[in-house]
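Peer 1: Pasting a structure here, questions to come.
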Amino acid sequence: MREKFKVFYEPTEEESSKIWADSQTIFILDTNILLNFYRYSQETQDEFFKIFKLIEDRIWIPFHVALEYQRIRLEVIKDEKEMFDRIEAKLKTIKTSVSNSFSEFKLKTRNPNLFNMEEKFKEEVCSLIDRFKAEVNDAGKAQPSVRTHDEIRAKLDALLEGKIGDEPEEKWVTDVAEDGATRYENKVPPGYKDESKGNEGSKAVFTYNNIEYERRFGDLIIWKQILEHLRELEGIKNVIFITDDIKEDWWEIVQCDGAKHIGARTELKSEMYKETGIDSFKMYHSDDFLAAAENYCGISINDKALEETKHVFDSWNTYLNETKKYKIDSDAVIEWQNFFSNIEKYKTDNDTASKLQGILSTVENYKTDNDTASKLQGIWSIIEKYKTDNDTASKLQGILNSINNLDNLDNLDDE
């Protein structure tokens, strides 16, 4: 039965060991694997490159993976740099808060003994904050900058030299888009979970070398390039695809004490086997890839690298999933700006609530999904709290700023 229904089976331990050792196995990296190097510590990066060194003759990436990496790289670097800036700002706020937190009690005159303990407490806490800040500064300096030499890219350049697929012709890209429209309509994996990227106006497409690419078809283009490469490549029996994508259009997911990723979608395996004639197709997340390399390559992987890889994988995908809940459409920021401008007009009126209710009704016109109304109702509840305050505008500006931050996801979620 296993032979007839092989798409429902994952390789056994014995089979996996042979696959990893087999010279006829190809290892393919997804875009997010390359970009996550900018989110790892130097130690974890070194662990990955140690593995890549062992399999470097069997590594390959599709052209579109390399293109997405080059397009998004600077945005990821910028985000990582900004994270360290935000940490420093938070530490400054905490330090100021600690320094001023007891002043209202006037302990120096009311209870000198407690005042001395307070001073010692503040000194120790501020010293701890300063030490943490120094560590943050060191970590920030170790991160690549958008304008300086990128050591990570230099290593990837060396690793992937001669191992990148050919650039497609314009007709090929157009044909994939036409096929993709039909596949997505019928929920054929991969990529249909990115259908919403087609509703993002000018950001729904990008151009490279005079060829226009629709972002919603990014995963499908990668998949098609993998299939095409394997059809042209002789002597390949096994494919290992390393990706940190978690969407259901790549993985068989079972809800059992949380979402469990069982393996590649059976439709993907079926298409892979039918189109290329290979024997085995296996997908790994980055943390599972490290663990498998330790198991099958006979090398030692730092436990901290395993922990960090899993943490980056979990936290990044949680961030994307949570933030995407509140994306409405490509014009959301403009529409919310108009919303805020209208609120500005009414900020000092006594009947703010009734006028804001009118604005809310207008915002209803911008609905593009089923639960938009409930999301807007949540914002309305916040507005209700501030309806009689003179500083309504500044408080609502905070809401607008949060919404504006969603715009940064447009490129990052191509990973």
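Peer 1: Taking Ala177, is it small (Gly, Ala, Ser) and surrounded by 14 or more Cβ atoms within 10 Å (Cβ to Cβ)?
Peer 2: When the stated conditions are applied, Ala177 passes them.
Peer 1: Quick one: is Lys122 basic (Lys, Arg) and either within 30 Å of Tyr38 (Cα to Cα) or exposed (fewer than 14 other Cβ atoms within 10 Å of the Cβ) (or both)?
Peer 2: The answer is no for Lys122.
Rundown of residues vs (1) outside any helix (DSSP H, G or I); (2) buried (at least 17 other Cβ atoms within 10 Å of the Cβ); (3) more than 20 Å from the chain's Cα centre (by Cα); (4) not assigned by TED's automatic domain parsing to the domain that holds Phe217, yes/no style:
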{"site": "Ile33", "(1), (2), (3), (4)": "no, yes, no, no"}
{"site": "Phe48", "(1), (2), (3), (4)": "no, yes, no, no"}
{"site": "Ile55", "(1), (2), (3), (4)": "no, no, yes, no"}
{"site": "Asp85", "(1), (2), (3), (4)": "no, no, no, yes"}
{"site": "Ser97", "(1), (2), (3), (4)": "no, no, yes, yes"}
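Peer 1: A further question on this structure: Might you check whether a residue that is at pLDDT 90 or above, out of contact with any helix residue (DSSP H, G or I) (no Cβ under 8 Å at 6 or more places or on another chain) and assigned to a helix (DSSP H, G or I) occurs anywhere in region 64-72?
Peer 2: For region 64-72, residues at pLDDT 90 or above, out of contact with any helix residue (DSSP H, G or I) (no Cβ under 8 Å at 6 or more places or on another chain) and assigned to a helix (DSSP H, G or I): present.
Peer 1: If you don't mind, another one. Which of the residues spanning region 60-118 are among the basic types (Lys, Arg) and within 21 Å of Ile164 (Cβ to Cβ)?
Peer 2: Arg71, Arg73
Peer 1: Consider Glu214 against the criteria (1) touching a strand residue (DSSP E or B) at 6+ places or on another chain (Cβ under 6 Å); (2) buried (at least 21 other Cβ atoms within 10 Å of the Cβ): it satisfies all of them except one. Which criterion is unmet?
Peer 2: The single condition Glu214 does not satisfy is (2).
Peer 1: Are any of the residues in region 272-281 over 24 Å from the mean Cα position of the chain (by Cα), under 18 Å from Tyr9 (Cα atoms), assigned to a loop (DSSP other than H, G, I, E, B) and among the hydrophobic types (A, V, I, L, M, F, W, C)?
Peer 2: Checked against the condition, which is being over 24 Å from the mean Cα position of the chain (by Cα), under 18 Å from Tyr9 (Cα atoms), assigned to a loop (DSSP other than H, G, I, E, B) and among the hydrophobic types (A, V, I, L, M, F, W, C), region 272-281 yields at least one hit.
Peer 1: Further question: If you scan region 155-184, which residues turn out to be free of Cβ contacts under 8 Å to residues at least 60 places away in the same chain and among the charged types (D, E, K, R)?
Peer 2: Asp157, Glu161, Glu169, Glu170, Lys171, Asp175, Glu178, Asp179, Arg183
Peer 1: Still on this structure, I have one more. Against the conditions (1) under 17 Å from Tyr284 (Cα atoms); (2) touching a helix residue (DSSP H, G or I) at 6+ places or on another chain (Cβ under 7 Å), where does Tyr208 fall short? Just the number, please.
Peer 2: Checking Tyr208 against (1) under 17 Å from Tyr284 (Cα atoms); (2) touching a helix residue (DSSP H, G or I) at 6+ places or on another chain (Cβ under 7 Å), the one that fails is (1).
Peer 1: Among the residues of region 237-259, are any of a type in the set (Phe, Trp, Tyr) and surrounded by fewer than 20 Cβ atoms within 10 Å (Cβ to Cβ)?
Peer 2: No, there is no match, as no residue in region 237-259 is of a type in the set (Phe, Trp, Tyr) and surrounded by fewer than 20 Cβ atoms within 10 Å (Cβ to Cβ).
Peer 1: Would you mind listing the strands (runs of 3 or more DSSP E) fully within region 130-247 where at least 3 residues are at pLDDT 95 or above, polar (S, T, N, Q) and closer than 30 Å to Leu290 by Cβ?
Peer 2: Counting at least 3 such residues, we get no strands (runs of 3 or more DSSP E) at all.
Peer 1: Just the residues that are more than 17 Å from Arg265 (Cβ to Cβ), in contact with a helix residue (DSSP H, G or I) (Cβ under 9 Å, 6 or more places away or on another chain) and loosely packed, with under 15 Cβ neighbours inside 10 Å, please, taken from region 186-204.
Peer 2: Once the filter is applied, which keeps residues that are more than 17 Å from Arg265 (Cβ to Cβ), in contact with a helix residue (DSSP H, G or I) (Cβ under 9 Å, 6 or more places away or on another chain) and loosely packed, with under 15 Cβ neighbours inside 10 Å, region 186-204 yields only Lys203.
Here's the yes/no breakdown for (1) touching a residue at least 24 places away in the same chain (Cβ under 8 Å); (2) over 28 Å from Val146 (Cβ atoms); (3) small (Gly, Ala, Ser):
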{"residue": "Ile19", "(1), (2), (3)": "yes, yes, no"}
{"residue": "Asp22", "(1), (2), (3)": "yes, yes, no"}
{"residue": "Ile26", "(1), (2), (3)": "yes, yes, no"}
{"residue": "Ser41", "(1), (2), (3)": "yes, no, yes"}
{"residue": "Phe84", "(1), (2), (3)": "yes, no, no"}
{"residue": "Thr93", "(1), (2), (3)": "no, no, no"}
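Peer 1: Among (1) surrounded by 15 or more Cβ atoms within 10 Å (Cβ to Cβ); (2) modelled with pLDDT under 55; (3) not hydroxyl-bearing (Ser, Thr, Tyr), there is one condition Lys324 misses while meeting the rest; what is its number?
Peer 2: That leaves (1) as the condition not met.
The values are calculated or read from the model by the stated rules, or taken from the named source; none is laboratory data. Here the structure is a predicted model, which means the values were calculated and not measured. No Cβ is skipped: glycine too gets one built from the backbone with ideal geometry, and neighbour counts run over all protein chains shown.
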